1. Arrange the following residues from fewest to most other Cβ atoms within 10 Å of their Cβ: 303, 254.
2. If R0 is 41 Å, what FRET efficiency do you get for residue 61 and residue 202 from their C-beta distance, rounded to 0.05?
3. Quick one: work out Rg over Rh on the C-alpha atoms of segment 244-325, Rh as Kirkwood radius.
4. Show me the ranking of peptides 22-35, 76-89, 134-147 by mean Cβ neighbours inside 10 Å, starting with the highest.
5. Sort 183, 226 by Cβ crowding within 10 Å, fewest neighbours at the top.
6. Using only the C-alpha atoms of the chain, find the volume of their convex hull and express it per residue in Å³.
7. Could you check the simple spin-label distance between residue 212 and residue 245, using points 7 Å along Cα→Cβ, in nm with one decimal?
8. In cubic angstrom, how much convex hull volume per residue do the alpha carbon atoms of segment 17-141 span?
């Protein structure tokens, strides 16, 4: 299996890298590459960011939000995480896509890690998750990519990801953090993620007897263009989200305020305030003003700043109301 060396850590570039390698590279045999992202949350192609991710925490901590082209759940990446991608012809790997993951499973076991496959897309060690993976098919090609938690900041992971309580309860777990573990705990002789990456590359490339596939400058330019025109765009990250219904409640100076929002493709399609709050004017004026806006803090704050919010919600300003909306 040939391999590519990808040293980029820009998550938008790396999502474009995956798509480009799947759709454009003239591969005659399967290829793998290992890669890393700076702090980021990578959401699945079909996920709603508002119910899966703590957007305020991401903004406060300069964590990028990126949407990938494959399904599955949201994952947190930082430079303590190592990612892998395998691309091949689907006719060469006709088993279901977990068969691809066995390449990585074998490599981990070669390093002495008691890793096992679980469910449809997880690799576990002693019952705790160290890797999740997802797939995409394009014509005669199939790609699998996934995470390997080596020394990830688990506190940041926990804060950044906020899956719905029903998802956690349905799996009988108390928090995101309780179900994951870093591989470093099982690899005392491997000091850092760079050494871990080198060890995996050596195993997967048959002791470097397989050939390196070199991308051309033209390939890199095309990937950069794809990152800019697709993966960095608001329409792809937010607008691609499915319909969502959100309900938030907060005690403000005017009383308890509730807001019910329906969001489609990240635009507010309906809005209703409720609660025991006091105001001089009906809140329906603000409800109407919010309909049609992108569900994005700067857009909504700009709208509210043009209105005398305190006339609708006593002793409350636009910034206070934003706490409920988001």
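A short reminder: the numbers here are calculations on the coordinates, not readings from a lab. Because the structure is predicted, anything quoted here is derived from the model rather than measured. All Cβ positions, even for glycine, are placed from backbone atoms using ideal geometry, and neighbour counts span all protein chains on display.
1. 303, 254
2. About 0.75, to the nearest 0.05.
3. A ratio of 0.92.
4. Peptide ranking by packing, descending: 76-89, 134-147, 22-35.
5. Ordered from fewest to most neighbouring Cβ atoms within 10 Å, 183, 226 come out as 226, 183.
6. Taking only Cα atoms, the chain has a hull volume of 140 Å³ per residue.
7. Roughly 5.5 nm, to one decimal.
8. Cα-based convex hull of segment 17-141, divided per residue, equals 124 Å³.
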